[in-house]
Amino acid sequence: MKKTVVIPMAALVAALAGPTFASSDNAQTPRIAPGLVLPKMDAQEGRKLYASKGCVVCHSINGVGGTDAPMLDAEFMDSPMNPFEFAARMWRGAEAMVELQRDELGEVIDLSGEELAAIIAFVHDAAEQQLFSEDDIPENIEAMMGHLEDEEDDDDDHD
């Protein structure tokens with residue numbers, strides 16, 4: 001006698017989609033290896049964080065931002081890029097970045113893994129970057145940038 005096994009459609013779809021685990025915000029995140037998940041790569045959130053966390057003080061996109069560090073326009077990024085390679089490049093420049101952050105921001109930027117993922121997504125998304133403008137920069141960051149420009153002008157006057 002032949003037995004027929006009935007698998008509910010939802011269970012079949014879930015099995016074919018691969019395992020997922022909840023991230024810190026309870027969203028389903030793909031598991032890439034045992035014990036590892038990838039955070040959501042949200043370029044729109046990354047645009048907000050790029051400005052609010054202060055990345056824009058040293059880096060520019062679309063000509064908006066500082067000039068003390070490399071510009072981060074998507075057109076100059078490797079494509080496709082492994083986000084871990086981007087993080088590795090940041091790590092190699094960490095000592096200089098931390099020094100500049102302390103000097104120009106007064107503190108070191110604190111990023112969660114999810115925030116870094118969003119910023120990396122923004123840095124590689126040309127369409128989202130087209131939306132970026134000075135209007136995205138919070139007042140406190142804009143004031144800091146204005147203060148830094150004034151200091152640079154004073155330095156130029158003394159040369």
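The values are calculated or read from the model by the stated rules, or taken from the named source; none is laboratory data. Keep in mind that this is a model prediction, so the values were computed, not measured. Every residue, glycine among them, receives a Cβ derived from its backbone with ideal geometry; neighbour counts consider all protein chains shown.
Every listed requirement among (1) under 22 Å from residue 129 (Cα atoms); (2) of a type in the set (D, E, K, R); (3) out of contact with any Phe, Trp or Tyr (no Cβ under 8 Å at 6 or more places or on another chain) is met by residue 47 save one, (3). Just one of the numbered conditions (1) in a loop (DSSP other than H, G, I, E, B); (2) within 15 Å of residue 51 (Cα to Cα); (3) not small (Gly, Ala, Ser) is not true of residue 116: (1).
In this entry, residue 85 passes the filter for residues that are among the acidic types (Asp, Glu), surrounded by fewer than 19 Cβ atoms within 10 Å (Cβ to Cβ), part of a helix (DSSP H, G or I) and modelled with pLDDT under 95. Of all positions in the stretch 62-76, at least one carries a residue that is exposed (fewer than 13 other Cβ atoms within 10 Å of the Cβ) and within 30 Å of residue 32 (Cα to Cα).
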